[in-house]
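Notes for the one structure printed next.
The values are calculated or read from the model by the stated rules, or taken from the named source; none is laboratory data. These numbers were taken from a predicted model, which means no experiment stands behind them. Methodologically, a virtual Cβ is constructed for each residue, glycine included, from the backbone with ideal geometry; neighbour enumeration extends over all protein chains shown. What goes into the accessible areas is simple: the full protein's heavy atoms, side chains included, and nothing from ligands, DNA or RNA. Shrake-Rupley method; radii C 1.70, N 1.55, O 1.52, S 1.80 Å.
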Amino acid sequence: ERGAAARPGFHTDDDPDACAEICRRLDGLPLAIELAAARLRLLTPRQIADRLDDRFRLLTTGSRTALPRQQTLRAVVDWSWDLLEPTERTVLRRLSVFAGGCDLAAAEAVCAADGDAETVADSLGSLIDKSLVVAAPDGPDGMRYRLLETVAEYAAARLDEADGERATAERRHLVHYRELARAADPLLRGPGQRAALALFQREYENFRTALRRAVAARDEQETLYLVLTLSWYWQMRDLRLEARHWAGQAAALGPDPFAPPVAPAPPVFERFTDAPPPLSDEQLGEARRGVALLCMIFMDHDAVEWDSEENLARLRGVTETYRPGLPQTCRSPGTLWFFSLLMTGDMETLRVMLDETVRACRVYGYEWELAAALQARARILVSRGRWAGDAAQDADEALAAFTRLGDDWGVAEALSARGEARERRGEYASAAADFSAAIGYAERIGAQVQMDVLRARHGGVLLELGDAERGEALLREALAEHEAVPNECTAVARIYLALWLGRSGRQEEARDQIQLLLSQFQMHTLALFEGMVMGYLAWLDTIDGRFDDALDQAWGALDRALGSLSSMVAPDLSVMQLVIVAGALAGARPERAPDAARLLAAADVHWPPGHFATAFERRVREDSEALARSALGDDAYAAAYADGGGLTLEEAAALGGAV
């Protein structure tokens, strides 16, 4: 109505989104909305909405017949301000330093005048009565208080006018939320996990605001504290961009702890959450290393070439700084140094590191860290069957420990690790039960990404069990959840789905999924798996009889699988690629069918002990053998196959034409 009075013919349906934004950002205040509507003589609704960050200058032309205090938004709020007591004004302007509201404890810590916290509650009550502060129940913990956006902007301006008061209020805010994060971080690893996750989520904007102010003040220690106490929350919630940004900001405030020449790290038993600042020299050094490790894990991998000499030198610096069994490498983020061992190919130290971490956690009495170390070792053992050890046994022990500690996230991860171990052994029914149970635990704590990865793995196992309808549905559901932003979940789901579609005669649909995978894997985050996906395309080309295309793809896939990084992360990938090359070679070059038979023999020898072939692996093996037998006949195939059993993996790859 007011808009039509200012501009005849105006209707909110002309731009409903902008009109809704104006009403929301003006907190539904009738007079403020009337002032905005009057601006329609000059501006469109979208132009008004875009200018509301400076609302006190924008909304200045009300009705000429209104009282003076009603002719501008500033005058409206000035009138309310003038009616406040001095203590109420102090509380109101200091409330503007919060982001997303606060509870009573935070308000008392930040807003008290001269340390008189008792008056804050009374002032809050009065400000609520005067509609300047909004209060709403915040679960069982009490009420939550926030300022209307218009009032917050006004109070912030008043805080700027109060001599030195902004610095005091912002410092109190920083200290309060640093201490809140420091106290809550350990609770993420036990029976208080769900409540701690809810706290971090509820106060996240305040934590971010505290971080922003610590960085702006170049306060390295406060920034380190906040980053390190938030880091596990970021990892649990898969907030990779947040972790990357803030870890990078923290790292930029101090020296590079891994710059040459590196010095061996001393043992550091104190945790960052043990006491408030200042850090001791040893703790400060370890805090800097911890932030650097977070940067390494969460860095923008699509801009990094890991095999460049510069990056390899830095990774070697990390490996030279730590040694297995240090107390800080039993805990996050120190545990992340395993990444440098993996990426530099130091597999022997990686193996020692896994075993020593488990041993050290037992010696130090680190219960939660022991469970995490066992779960991590189980995942590594799953893909390295040649190493001594039992992945399922480690996962069982981790599961028992996380269950005893009341850590739902850890229980889900341990169940997942055991499910993967069982899946590798062909125990699909048991694996499906583990993944299904893990989904329930992840759901309890709202771990959406963890839950969707588990659903994808569950769907893949159901396909192996022959439950095609349910398995495919789960995979498609997991993909739909993350269609806009591909991640680990989409990679796992697409691999399972593409292989199933190819095996069920839907090659074109399978190609579509694989092309999407290739697009995702073009990013260096997952580039080491690009060869694996090329192998899938070669297999589809072989099914369709496009043997020349298949052979080109298969050679490229095998070459990548033999690369240093791929062979370290997925050591058995090259064996599967040999099988795919064999089929393509027999189809495209019948005269080389004997070599194809030899490649199949070499592949059969080099599968790890106890390897249980998946339905996909069996299908590819059968197809490749059928092509070789068709070209050779049974007797010639048997003779050539007998020649290939003694080939090393490198010799077989050379025979296949990859090198």
*Got at least one residue in the range 608-626 being more than 43 Å from the chain's Cα centre (by Cα), assigned to a helix (DSSP H, G or I) and not β-branched (V, I, T)?*
yes
_Condition first: modelled with pLDDT of 95 or more and assigned to a loop (DSSP other than H, G, I, E, B). Now tell me which residues in the range 224-254 satisfy that._
A252, L253, G254
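Yes/no per residue for (1) surrounded by fewer than 20 Cβ atoms within 10 Å (Cβ to Cβ); (2) touching a Ser or Thr at 6+ places or on another chain (Cβ under 6 Å); (3) farther than 25 Å from G426 by Cα:
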position: M576; (1), (2), (3): no, no, no
position: A582; (1), (2), (3): no, yes, no
position: P608; (1), (2), (3): yes, no, no
position: A613; (1), (2), (3): yes, no, no
position: D634; (1), (2), (3): yes, no, yes
position: A639; (1), (2), (3): yes, no, yes
position: T648; (1), (2), (3): yes, no, yes
position: A654; (1), (2), (3): yes, no, yes
*Might you let me know whether the range 178-188 holds any residue that is more than 15 Å from T90 (Cβ to Cβ), open to solvent by 50 Å² or more (accessible area, probe 1.4 Å) and not in a helix (DSSP H, G or I)?*
no
*Within the group A491, A510, which residue is assigned to a helix (DSSP H, G or I), in contact with a Gly (Cβ under 6 Å, 6 or more places away or on another chain) and either modelled with pLDDT of 90 or more or closer than 24 Å to R470 by Cβ (or both)?*
A510
*Tell me, which helices (runs of 4 or more DSSP H) wholly within the range 29-103 include 2 or more residues that are modelled with pLDDT of 90 or more, surrounded by fewer than 19 Cβ atoms within 10 Å (Cβ to Cβ) and not basic (K, R)?*
86-95
*Which of the residues belonging to the range 5-28 are open to solvent by 40 Å² or more (accessible area, probe 1.4 Å), of a type outside the set (S, T, Y) and farther than 29 Å from V133 by Cβ?*
A5, R7, P8, G9, H11, D13, D14, D15, P16
*asked:* Conditions first: (1) open to solvent by less than 60 Å² (accessible area, probe 1.4 Å); (2) more than 25 Å from R506 (Cβ to Cβ); (3) not basic (K, R). H482 passes all but one, so which condition is the exception?
replied: (2)
*Would a scan of the range 130-148 turn up a residue that is in a helix (DSSP H, G or I), of a type in the set (V, I, T) and over 34 Å from the mean Cα position of the chain (by Cα)?*
no
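Yes/no per residue for (1) among the acidic types (D, E); (2) out of contact with any Ser or Thr (no Cβ under 8 Å at 6 or more places or on another chain):
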site	(1), (2)
A198	no, yes
E220	yes, yes
E242	yes, yes
A247	no, no
P260	no, yes
*Hey, does the range 424-431 have a residue that's among the aliphatic types (A, V, I, L, M) and under 18 Å from A372 (Cβ atoms)?*
no
*So which of A210, A259, A217 is at pLDDT 95 or above and surrounded by fewer than 18 Cβ atoms within 10 Å (Cβ to Cβ)?*
A217
*Could you check, for the range 398-409, whether at least one of its residues is open to solvent by less than 30 Å² (accessible area, probe 1.4 Å), of a type outside the set (F, W, Y) and within 21 Å of the chain's Cα centre (by Cα)?*
yes
